[in-house]
Amino acid sequence: MTALAPLDGMKRPKLPAATAVGEAAAAHSGYRADVDGLRAVAIVPVVLFHAGLYRFAGGFVGVDVFFVISGFLITTLIRRDIEDGSFSVYRFYERRVRRIFPSLFAVLLVTTALAAIISPPRVLIDFGKTLASSAAFSSNVFFWSQAGYFDDTMHRNPMLHTWSLSVEEQFYVVFPLILSALLPASIVRTRIVVGVIGIASLALAVWATPREPSFAFYLMPTRAWELLLGAALALGAGPGPIRPSLREGGAALGLLLIVWSVLTYTPSIPFPGSAALAPCVGAALIIHTGSGGPTAVSRVLSWRPLVLIGLISYPLYLWHWPIFVFAKEEFGDQLSYAKIAACVLLSTALATALWLLVETPIRRRIVLPSRRAIFAAGAACLLAAAVGGGLLAGSGGMMWRYPMAARTVLAAEDAGGGELFRTGTCFITPEDPHYKADTCLRVDPNRPNILLLGDSHAAHYWYGLNRVFTGANILQATASGCRPVLGGSVQGKDVCRPLVNSVIRDFLPTHRVDTVILAANWWNDETDLLYLPQTVACLKQYADRVIVVGPIGAYDRPLPELLANNLRAPASLLKGHRIRQMERIDKRMSALAQANGIEYLSVYRMLCPEGRECKSYAAPGMPMQFDRDHLTAAGSVFVAQRWMDDGDILPGGASRRPPAAPAPWLTPP
């Protein structure tokens with residue numbers, strides 16, 4: 001993210017008084033302290049967002065602010081060189097290497113060493129691929145290609161944030177050539193071309209965001225307009241001199257748009273699309289109004305502490321993400337405020353040291369003074385990244401770090417989904433939406449019929465029910481994406497909702513069953529719980545019993561990884577990675593069931609008895625779950641066996657051993 005890095009062509013004066021920096025320095029050298037302050041306004045929300053502070057849930061828009069700054073500063077520098085007759089492609093890329101490579105590859109070196117120690121194999125494989133792709137500045141393309149239903153490694157990749165660097169470098173492969181071809185002939189024509197390309201890029205982003213969100217988020221064509229917005233300002237495309245009062249109002253509005261985006265946006269908002277306009281236009285307003293003279297906003301942004309944060313914003317951006325990733329690997333995703341503060345302080349200290357000891361000496365040519373030396377060093381760094389990444393990925397994530405028992409446990413990660421869920425037959429996804437009703441909804445008149453209805457958190461019970469309750473016929477209607485309730489959220493409207501509605505409204509009225517089991521991932525949209533009573537009332541017309549199954553104990557990491565880490569290093573904290581909200585959801589569902597006369601099965605209380613650790617192994621060497629919250633085959637059998645052994649919960653068991661008292665995880669109607 002080169003907007004975070006200083007420009008060699010704009011010499012930075014010393015920092016006496018903030019206003020002097022913002023006014024006098026700007027007049028003589030082109031340096032603008034308020035732009036450094038704007039970098040601080042961008043980087044702080046990014047850091048706080050990645051820390052997990054919900055009040056800064058829109059902090060990711062700081063990246064978009066950086067894109068606008070980058071487009072403005074780089075284009076200003078290129079335009080000045082072209083007008084002076086001193087522009088050179090070699091010179092341009094020498095500056096790029098001096099600004100980007102020193103901090104980037106210093107952080108990559110340390111991050112690679114830590115990842116080799118801390119990251120589990122699957123994460124380390126992706127890290128290696130990202131490291132290799134960084135050699136071609138294409139990590140954004142790699143992340144775009146890595147979407148998957150059970151994939152949770154993206155946010156654990158210590159190099160995820162390098163996607164923005166790749167976007168910029170891809171942009172700057174082409175953009176300087178366009179400027180050098182057009183600008184000497186006509187600045188008006190250049191503005192028109194930049195404007196047309198920018199509008200086309202924005203239109204593509206708006207179109208792609210709801211249709212191909214990963215494409216829109218990661219790839220350069222849908223982000224180019226943000227850089228071009230800053231470039232247009234540097235080319236003088238904005239309005240000419242305006243009255244001081246209008247400049248003051250424009251600057252204030254710009255700051256308000258950025259702050260509003262940071263405080264009101266959430267990761268669930270479709271982005272970038274039209275939503276990116278607010279922070280980008282806000283940044284453009286601050287830059288443009290400050291170009292005409294000082295404003296109240298530019299004076300605030302020229303405040304020395306903000307300028308200093310802006311100066312280290314590039315290495316701070318590079319450091320903060322891997323530090324948070326490694327901290328969460330050790331302590332869990334829900335870091336305490338004390339740990340968050342420690343991560344921020346460590347990131348700031350390392351960023352300051354990197355800026356002083358590495359970035360500045362190379363940028364000022366104290367180290368590697370010649371062009372040949374800096375290009376040779378840059379090529380060596382790229383080669384090392386490509387080779388190192390290939391070795392990490394090719395080694396299978398350095399599986400040899402784990403003892404054999406831990407490797408056996410890790411193998412459970414490959415034992416989920418697919419045949420266990422009957423994917424593509426009785427469990428459908430957007431990628432495999434073909435439901436086979438003849439197989440999955442075949443009623444047996446000679447046996448009790450149990451219908452399993454819901455999402456993947458229902459599908460993972462099928463295997464155990466089918467093997468334990470051998471006297472019953474298990475029907476399955478499951479799909480990813482929504483809860484099995486009538487009138488619920490629109491999530492999963494393309495796959496799950498039609499299946500649920502079809503089963504309840506079309507199949508059951510003509511095919512009465514003995515029992516309906518409703519199970520789902522209830523906790524990620526609790527509003528759907530409000531629709532449970534009316535759904536159960538409807539289903540009772542077509543089934544003798546309707547049973548609601550609550551949430552399973554869940555973790556912020558795949559359970560096999562956590563157990564393998566325990567075998568590798570017994571000090572690892574399994575408890576710190578448990579998702580605490582599950583207990584609250586379970587209690588809420590139990591109370592809701594009791595109040596509405598609904599039979600409720602608490603899998604959470606079965607596996608996580610109050611005051612005790614959750615049961616993490618279903619059998620020796622076999623984890624209860626293959627990921628964060630889906631049962632393995634052994635786990636599915638374990639749960640079904642407990643349902644059979646500990647009470648007359650479902651019909652069709654191979655045998656029953658009635659307990660002396662009701663099972664503690666069953667809330668009767």
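The values are calculated or read from the model by the stated rules, or taken from the named source; none is laboratory data. Every value quoted in this text rests on a predicted model; they were computed, and no experiment measured them. We place every Cβ from the backbone using ideal geometry, glycine too, and count neighbours over all the protein chains shown.
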(message) Take the conditions touching a residue at least 40 places away in the same chain (Cβ under 8 Å), among the polar types (S, T, N, Q), in contact with a Gly (Cβ under 7 Å, 6 or more places away or on another chain) and surrounded by fewer than 21 Cβ atoms within 10 Å (Cβ to Cβ) and apply them to Thr264. Does it pass?
(response) yes
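Go over the candidates Asp586, Asp645 one by one and state the one that is of a type in the set (Asp, Glu), touching a Gly at 6+ places or on another chain (Cβ under 8 Å) and within 26 Å of Ile450 (Cβ to Cβ).
Result: Asp586 is the single residue among Asp586, Asp645 that is of a type in the set (Asp, Glu), touching a Gly at 6+ places or on another chain (Cβ under 8 Å) and within 26 Å of Ile450 (Cβ to Cβ).
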(request) Filter region 35-74 for residues that are hydroxyl-bearing (Ser, Thr, Tyr) and either outside the structural domain of Gly254 (by TED's automatic domain parsing) or closer than 27 Å to Ile197 by Cα (or both) and give the result. (result) Ser70
(message) Consider region 290-318. How many of its residues are modelled with pLDDT of 95 or more and part of a helix (DSSP H, G or I)?
(response) 20
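Every residue, every condition in (1) surrounded by 23 or more Cβ atoms within 10 Å (Cβ to Cβ); (2) part of a strand (DSSP E or B); (3) modelled with pLDDT of 90 or more, yes or no:
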residue: Ala564; (1), (2), (3): yes, no, yes
residue: Gly576; (1), (2), (3): no, no, no
residue: Met589; (1), (2), (3): yes, no, yes
residue: Leu592; (1), (2), (3): no, no, yes
residue: Ala595; (1), (2), (3): no, no, yes
residue: Gly611; (1), (2), (3): no, no, no
residue: Lys615; (1), (2), (3): no, no, yes
residue: Asp629; (1), (2), (3): no, no, yes
(message) Within region 532-562, take every residue that is within 19 Å of Arg505 (Cβ to Cβ) and small (Gly, Ala, Ser) and give me the one that is surrounded by the most Cβ atoms within 10 Å (Cβ to Cβ).
(response) Ala543
(request) Filter region 410-439 down to the residues that are among the charged types (D, E, K, R) and farther than 20 Å from Ala619 by Cβ, then identify the one that is surrounded by the most Cβ atoms within 10 Å (Cβ to Cβ). (result) Arg422
(message) Can you confirm whether Thr222 is modelled with pLDDT of 90 or more, among the β-branched types (Val, Ile, Thr) and under 23 Å from Phe56 (Cβ atoms)?
(response) no
(message) Quick check on Val41: is it closer than 25 Å to Ile269 by Cβ, touching a residue at least 40 places away in the same chain (Cβ under 8 Å) and in a helix (DSSP H, G or I)?
(response) yes
(message) Against the definition (at pLDDT below 95, under 25 Å from the mean Cα position of the chain (by Cα) and either among the basic types (Lys, Arg) or over 30 Å from Gly128 (Cα atoms) (or both)), how does Asp438 come out, yes or no?
(response) no
(request) Being surrounded by 19 or more Cβ atoms within 10 Å (Cβ to Cβ) and aliphatic (A, V, I, L, M) is the filter; apply it to region 466-488 and report the residue that is nearest to the chain's Cα centre (by Cα). (result) Ala479
(message) Given the condition among the β-branched types (Val, Ile, Thr) and within 30 Å of Ala406 (Cα to Cα), answer yes or no: does some residue in region 566-588 qualify?
(response) yes
(request) Check off (1) modelled with pLDDT under 95; (2) in a helix (DSSP H, G or I); (3) buried (at least 18 other Cβ atoms within 10 Å of the Cβ) for Leu335 and give me the number that stays unchecked. (result) (2)
(message) Criterion first (within 20 Å of Lys328 (Cβ to Cβ) and crowded, with 22+ Cβ neighbours inside 10 Å) does Ala132 satisfy it?
(response) no
(request) Check off (1) of a type outside the set (A, V, I, L, M, F, W, C); (2) in contact with a strand residue (DSSP E or B) (Cβ under 7 Å, 6 or more places away or on another chain); (3) surrounded by fewer than 18 Cβ atoms within 10 Å (Cβ to Cβ) for Arg407 and give me the number that stays unchecked. (result) (2)
(request) Considering only region 578-587, state which residues are surrounded by fewer than 16 Cβ atoms within 10 Å (Cβ to Cβ) and either assigned to a loop (DSSP other than H, G, I, E, B) or outside the structural domain of Arg557 (by TED's automatic domain parsing) (or both). (result) Arg580
(request) Residue by residue through region 158-187, note down the ones that are farther than 28 Å from Gly62 by Cα and either in contact with a Lys or Arg (Cβ under 9 Å, 6 or more places away or on another chain) or of a type outside the set (S, T, N, Q) (or both). (result) Ala181, Leu182, Leu183, Pro184, Ala185, Ile187
(request) Select from region 412-436 the residues that are touching a Lys or Arg at 6+ places or on another chain (Cβ under 8 Å) and more than 21 Å from Pro484 (Cα to Cα) and list them in ascending order. (result) Glu413
(message) Yes or no: region 229-247 includes at least one residue that is under 21 Å from the mean Cα position of the chain (by Cα), assigned by TED's automatic domain parsing to the domain that holds Ala296 and either outside any helix (DSSP H, G or I) or crowded, with 16+ Cβ neighbours inside 10 Å (or both).
(response) no
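Let me confirm something: among Ala252, Ala284, which residue is surrounded by fewer than 23 Cβ atoms within 10 Å (Cβ to Cβ) and either part of a helix (DSSP H, G or I) or on the phi > 0 side of the Ramachandran plot (or both)?
Ala252
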(message) I'd like the full set of residues that are in a helix (DSSP H, G or I) and either touching a Leu at 6+ places or on another chain (Cβ under 8 Å) or not assigned by TED's automatic domain parsing to the domain that holds Tyr172 (or both), limited to region 104-128.
(response) Leu104, Ala106, Val107, Leu108, Thr112, Ala115, Ala116, Pro121, Leu124, Ile125, Phe127, Gly128
(message) Between Leu453, Leu475, Leu420, which is at pLDDT 90 or above and farther than 19 Å from Ser502 by Cβ?
(response) Leu420
